[in-house]
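Participant: My structure is below; once you've seen it, I'll send some questions.
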Amino acid sequence: MKNEICAKLIIGALYADPKWLEQAKKEIRNQNWKIQRQSAEFPFDQTEYYAAEMGSNLKRCFMSVVGLQKLETAAEWKLKTVEIEKQLSISGKRRINLDPGYLDFHRVVLLSGKEGPQKIYLRNGVWADLVLLKDKGSYRDLAWTFPDLRDGRYNDFFLQVRAELKAEIKSAK
């Protein structure tokens, strides 16, 4: 992957029942993405945005995928995860929300199907949302960072994934 801009693919998952996470992981593997690491699961309780569709007592975790991914293909990651969400939906309601994104040396970016003033349009209805910046051994939030990312609960996970990114880039050279 010389001369290509690469990063670690991460996938955030929101769900009420862990069985949907397990089903989504099977579908993720069917995309030839091998899960390398999974964060701890935390309550997603600082907004009711998804409650009508997915229920209450939502949880979130993040997963990283083995290998370096070309950033040119980022929009496809979102389109693939939307298909997984649809496959696992019941009566048109999602049972799991999958937000792919990437982590590089400087930032954490999540991909979205929703426009926002801070988001950058990629293509095919996919927007890039810069949610965290790497800063002095940790991550720094931004004015629009989701509350559960703002409080730092996932920072250790992101730092571990960043270390894996460094190791994979070194071994690719």
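The values are calculated or read from the model by the stated rules, or taken from the named source; none is laboratory data. Values in this document were obtained by computation on a predicted structure and should not be read as measured data. Counting neighbours? That spans all protein chains shown, and the Cβs are built from the backbone with ideal geometry, glycine included. Ligands, DNA and RNA are excluded from the accessible area calculation, which covers all protein heavy atoms including side chains. Shrake-Rupley method; radii C 1.70, N 1.55, O 1.52, S 1.80 Å.
Participant: If the only charges are +1 at each Lys and Arg Cβ and -1 at each Asp and Glu Cβ, what is the size of the charge dipole of the stretch 117-173 around the Cα centre, to the nearest 20 debye? Show your work: numbers first, answer last.
Facilitator: Working: 11 positive and 8 negative charges, 60 e Å.
My answer is approximately 280 debye.
Participant: Using 0.36 nm per residue, how much length does the chain from residue 50 to residue 66 gain when fully extended, once their Cα-Cα distance is taken away? Can you show the working numbers first?
Facilitator: Values: separation 16, 0.36 × 16 = 5.76 nm, distance 2.90 nm.
Length difference between fully extended and current span is 2.9 nm.
Participant: Please report the relative contact order for the stretch 40-147, taking Cα pairs under 8 Å with a sequence separation of at least 6, and give it as a percent rounded to a whole number. Could you put the intermediate results ahead of the total?
Facilitator: Numbers: 143 pairs, mean separation 18.9, N = 108.
Reported relative contact order: 17 percent.
Participant: Related question: Take the solvent-accessible surface of the protein heavy atoms, probe 1.4 Å, and return the percent of it on the stretch 1-72 that carbon and sulfur atoms account for. Working shown, then result.
Facilitator: On the way: 1790 of 3870 Å².
Carbon and sulfur atoms account for 46 percent of the accessible area of the stretch 1-72.
Participant: Could you calculate the contour length gain from residue 34 to residue 135, that is, 0.36 nm times the residue separation minus the distance between their Cα atoms, to one decimal place in nm? Can you show the working numbers first?
Facilitator: Details: separation 101, 0.36 × 101 = 36.36 nm, distance 2.84 nm.
Gain on stretching residue 34 to residue 135: 33.5 nm.
Participant: Here's something else I'd like to know. Let me know the charge dipole size of the stretch 67-115 about its Cα centre in debye, to the nearest 20, where only the beta-carbon of Lys, Arg (+1) and Asp, Glu (-1) is charged.
Facilitator: Working: 9 positive and 7 negative charges, 51 e Å.
Taking the Cα centre of the stretch 67-115 as origin, the dipole is about 240 debye.
Participant: What shape does the stretch 117-171 have by the C-alpha gyration tensor, where a ≥ b ≥ c are the square roots of the eigenvalues, rounded means a/c under 1.5, and otherwise prolate means a/b greater than b/c and oblate the rest? All intermediate terms of the calculation are to be shown ahead of the outcome.
Facilitator: Values: a/c = 2.59, a/b = 1.27, b/c = 2.04.
It is oblate, given that a/c is not under 1.5 and a/b is not larger than b/c.
Participant: Another question about this same structure. Order of 16-25, 135-144 by packing, highest average Cβ count within 10 Å first? Before the final figure, lay out each step's value.
Facilitator: Working: 16-25: 16.4, 135-144: 12.3.
Going from most to least packed, we get 16-25, 135-144.
Participant: So, one more: Among all the aspartates and glutamates, which ones have a C-alpha under 15 Å from residue 26's C-alpha, if same-chain residues fewer than 8 places away are not counted?
Facilitator: By straight Cα distance, residue 26 reaches 83, 85.
Participant: Using the Cα centre of the chain as origin and beta-carbon charges of +1 (Lys, Arg) and -1 (Asp, Glu), tell me which of 110, 42, 67 is placed farthest towards the positive end of the dipole.
Facilitator: 67
Participant: Which of 8/80; 19/134; 25/170; 34/70; 8/136 have a Cα-Cα distance over 23 Å? Working shown, then result.
Facilitator: Numbers: 8/80 16 Å; 19/134 33 Å; 25/170 28 Å; 34/70 16 Å; 8/136 20 Å.
Result: 19/134; 25/170 exceed 23 Å.
Participant: Would you be so kind as to identify which of 82, 32, 56 lies farthest towards the positive end of the dipole of the stretch 23-173, taking Lys and Arg as +1 and Asp and Glu as -1 on Cβ and the Cα centre as origin?
Facilitator: So the residue furthest toward the plus end is 32.
Participant: On a C-alpha basis, how far is the centre of the stretch 141-167 from the centre of the stretch 27-70 in Å? Whole number, if you could?
Facilitator: Cα centres, the stretch 141-167 to the stretch 27-70: 14 Å.
Participant: Taking the Cα centre as origin and putting +1 on Lys and Arg beta-carbons and -1 on Asp and Glu beta-carbons, what dipole magnitude results for the stretch 56-173, to the nearest 20 debye?
Facilitator: Rounded to the nearest 20 debye, it is 80 debye.
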